[in-house]
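Quick note: the coordinates plus some simple rules give every number you see, no bench work behind them. Small disclaimer: the values here were computed from a predicted structure and weren't measured. When we count neighbours, we look across all protein chains shown, and the Cβ atoms used for this are built from the backbone with ideal geometry, even at glycine.
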Amino acid sequence: MPELPEVEVVRRGLAPYVTDRRIAAVQVLEPRSVRRHEAGPADLVAGLIGRRLRSVSRRGKYLWMTLDDDRALVVHLGMSGQMLLPDPGSADERHLRVRIVLEGADRELHFVDQRMFGGMHIDDLVEDGAGGRVPGAVAHIARDPLDPRFDDRDFARRVRSRSSGIKRCLLDQGVVSGIGNIYADEALWRARLHYDVPGERLTGARIRELLAHVRDVMTDALAEGGTSFDSLYVNVNGESGWFDRSLHAYGREGEPCDRCGRPIVREPFMNRSSYRCPTCQRRPRTRV
């Protein structure tokens, strides 16, 4: 599933083309892609036509385009969702689900989704309790580490109050958003931390160090267009990112650690896998 850097790459690609554009037409080709809009496809189309897109925002893995009626078009990419900007009239995408035509634009806005786990819906904007306004469906999602309003002290406090492993804390979207399996493993490798170290055993300084690594790895990934292991993860122009070439832990089972040379191991974790160096990321027995 796309993580924060991949979604942010899409947001940055969309913003220059859709901001302050009025929606001229909407075509829902697959009703399941708007299933989260409970009033149905026809209501979604009626609610979008004639509306002006004011901005493109993101929190964690959620995208939304603010409308001029105090609502937003919310997009979740799921496992294979793509927001593309092809030439008008283009129908080349095999898995095109929703087409949006913008007035005066030289490109259309297409939602493409092969596996059908993503979707779009219109939602009211609500106060998020921290001075911002977000769609109601996003209000429960915590801010992400690249958000200027992210509270480092509160994050450290919440992690230290938990007995669960640090990777579980990183993946908990109610604690911090936007971090998935790939970037959790990469940040933990950089911090030399075992994924199952209980949060309550980490010092505040160690948590702040880990948070710095999270930000660094995400910033590095953004600079390289995100991580693309297959053709499903692309930017608005259909181009893949290349951060997979810079990974130190994730997906590198059996390859030598870039620090010590010992082979990276893969271990079961929450119905998925964790990758770590058995030397650099040993399970500590004391407070870290």
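Here is how the numbers come out for the structure above:
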| read-out | value |
| --- | --- |
| Dipole magnitude of the range 14-139, debye to nearest 20 (Cβ charges: Lys/Arg +1, Asp/Glu -1, about Cα centre) | 300 debye |
| Cα-Cα pairs of the range 4-138 separated by more than 17 Å (percent) | 56 percent |
| Derived scalar couplings ³J(HN,Hα) [the range 55-72; Karplus, 6.51 cos²θ - 1.76 cosθ + 1.60; whole Hz; x for Gly, Pro] | 6, 10, 10, 8, 9, x, 9, 9, 10, 8, 10, 6, 9, 7, 10, 6, 10, 8 |
| From phi via Karplus (6.51, -1.76, 1.60), per-residue ³J(HN,Hα) for the range 135-141 in Hz, x at Gly/Pro | x, x, 5, 10, 4, 7, 7 |
| Cα gyration tensor, the range 1-62 - rounded (a/c under 1.5), prolate or oblate | oblate |
| Long-range amide H partners of TYR250 with built H, under 5 Å | GLU186 |
| Modelled FRET efficiency - R0 35 Å, GLU103 with ARG36, Cβ distances, 0.05 increments | 0.85 |
| FRET efficiency estimate (nearest 0.05) - Cβ-Cβ, ARG201 to ARG149, R0 25 angstrom | 0.35 |
| Test item: Cα-centred dipole of the chain, Lys/Arg +1 and Asp/Glu -1 on Cβ, debye | 1440 debye |
| Mean separation of Cα contacts under 8 Å, 6 or more apart, over the residue count of the chain: relative contact order % | 18 percent |
| Calculated [θ] (222 nm, deg cm²/dmol) that DSSP helices of n ≥ 4 give over the chain, each run adding -39,500 (n - 2.57) | -7500 deg cm²/dmol |
| Positive-end residue of LEU102, PRO278, GLY119, charge dipole of the chain with Cβ unit charges | PRO278 |
| Dipole axis of the chain (+1 Lys, Arg; -1 Asp, Glu on Cβ), positive-most option in PRO256, GLY204, LEU48 | GLY204 |
